[in-house]
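Working notes, structure below.
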Protein chains: 2
Amino acid sequence: MRARVHVTLKSGVLDPQGKAIGHALASLGFGGVNEVRQGKVIELDLTEKDPESARAQVKAMCEKLLANTVIENYAIELQG
Amino acid sequence: MRARVHVTLKSGVLDPQGKAIGHALASLGFGGVNEVRQGKVIELDLTEKDPESARAQVKAMCEKLLANTVIENYAIELQG
């Protein structure tokens, strides 16, 4: 079973990487971009077949390692 | 209109960051993880309202700045 985890900065947390991308886009002539935020996506290939326990496993991974829950949100997507 | 771009390494391209996460998970006691790949997700808030031209705009951004198309794939998702 494959899982995809999105880790994004909470709104209100300054995102310098996103700001840098925004500035770079503007200087390349791409107007009309109001805001840019950058996050991470982590794709896991798990041996676990049961969706519920896979989700619980990935949630534990997020809480312990993948996300800094003080400043980041995470979202888990299971695929097949 | 909001757009979300996923930038992931092409398969076959070595992903040391993903490998490091895999090792860290294993040393934390999370077994059953076959493979980990890490990518980026970039969220853009565009003034463009028309989905077709928004997609074309974001595609140009990906080709020029957001992704290194030699080693990375990108996927564009438009939201509302």
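The values are calculated or read from the model by the stated rules, or taken from the named source; none is laboratory data. The structure displayed is predicted, hence computed values, not measured ones. All Cβ positions, even for glycine, are placed from backbone atoms using ideal geometry, and neighbour counts span all protein chains on display.
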Would you check which residues across segment B:1-12 are surrounded by fewer than 18 Cβ atoms within 10 Å (Cβ to Cβ), more than 14 Å from the chain's Cα centre (by Cα) and of a type outside the set (Gly, Ala, Ser) and list them?
B:ARG2
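I'm trying to understand the selection: among the residues of segment A:6-29, which are of a type outside the set (A, V, I, L, M), in a loop (DSSP other than H, G, I, E, B) and at pLDDT 95 or above? Give the derivation first.
So in segment A:6-29, the residues of a type outside the set (A, V, I, L, M) come out as A:6, A:8, A:10-12, A:15-19, A:22-23, A:27, A:29.
Checking the rest, the ones that are also in a loop (DSSP other than H, G, I, E, B) come to A:10-12, A:15, A:29.
Across segment A:6-29, the qualifying residues are A:LYS10, A:ASP15, A:GLY29.
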Being more than 7 Å from every other protein chain (Cβ to nearest Cβ) and buried (at least 18 other Cβ atoms within 10 Å of the Cβ) narrows B:ASP50, B:ASP15 down to just B:ASP15
Segment A:19-39, residues that are within 14 Å of B:ALA67 (Cα to Cα) and surrounded by fewer than 19 Cβ atoms within 10 Å (Cβ to Cβ):
A:ALA24
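Please specify each residue of segment B:18-40 satisfying the condition of being at the interface with chain A (Cβ under 9 Å from one of its Cβ atoms), among the charged types (D, E, K, R) and more than 30 Å from B:ALA54 (Cα to Cα). I'd like the intermediate steps shown before the answer.
From segment B:18-40, those at the interface with chain A (Cβ under 9 Å from one of its Cβ atoms) are B:18, B:21-22, B:24-25, B:28, B:30-40; that's our starting set.
This time we only want the ones that are among the charged types (D, E, K, R), so: B:35, B:37, B:40.
Scanning segment B:18-40 gives a single hit, B:GLU35.
So in segment A:49-80, with the set limited to residues that are assigned to a loop (DSSP other than H, G, I, E, B) and out of contact with any strand residue (DSSP E or B) (no Cβ under 8 Å at 6 or more places or on another chain), which one is nearest to B:ALA20 (Cα to Cα)? Quick ask: steps written out before the conclusion?
Keep residues of segment A:49-80 that are assigned to a loop (DSSP other than H, G, I, E, B), which gives A:49-50, A:67-71, A:80.
This time we only want the ones that are out of contact with any strand residue (DSSP E or B) (no Cβ under 8 Å at 6 or more places or on another chain), so: A:49-50, A:68-70.
Details: A:LYS49: 24, A:ASP50: 26, A:ASN68: 17, A:THR69: 20, A:VAL70: 22 Å.
Among them, the one singled out is A:ASN68.
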Pairing a residue in segment B:22-49 that is within 20 Å of A:HIS6 (Cβ to Cβ) and of a type in the set (A, V, I, L, M) with any residue that is in a loop (DSSP other than H, G, I, E, B) and at pLDDT below 95, where Cβ atoms lie under 7 Å and the two sit 6 or more apart in sequence or on different chains, gives B:LEU46/A:GLY32; B:LEU46/B:MET1
